[in-house]
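Worksheet: one structure, shown below.
Values in this text are rule-based calculations from the coordinates and carry no lab data. On a predicted model such as this, the values are computed, not experimentally measured, just so you know. All Cβ positions, glycine included, derive from the backbone under ideal geometry; neighbour counts span all protein chains shown.
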Amino acid sequence: MDHKTGMSAEAIAKEYPQLSLAQIYSALAYYHANKEQIEADIDAYRADCEDWESRYRAGEF
């Protein structure tokens, strides 16, 4: 989610040198074209993580 913190594609490329600038722009284009679904998937994943954590803390596992 580095782009959400205001990082440019070039700055992201410096943080992740294994990715080309073209790959980063491609990923950003995909994200922006599918933003609602991706954000919904992230929210669902976080909710699942919170559920598993609370169940673990309650001794269910």
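Listed by first and then second residue, the pairs with beta-carbon distance under 9 Å, at least 6 apart or on different chains, first residue in the stretch 9-30 and acidic (Asp, Glu), second surrounded by 11 or more Cβ atoms within 10 Å (Cβ to Cβ), are GLU10/LEU21; GLU10/ILE24; GLU15/ASP2; GLU15/MET7.
Out of all the residues in the stretch 51-60, is one or more under 16 Å from the mean Cα position of the chain (by Cα) and among the aliphatic types (A, V, I, L, M)?
Start the filter on the stretch 51-60 by keeping residues that are under 16 Å from the mean Cα position of the chain (by Cα), which leaves none.
No, the stretch 51-60 contains no residue that is under 16 Å from the mean Cα position of the chain (by Cα) and among the aliphatic types (A, V, I, L, M).
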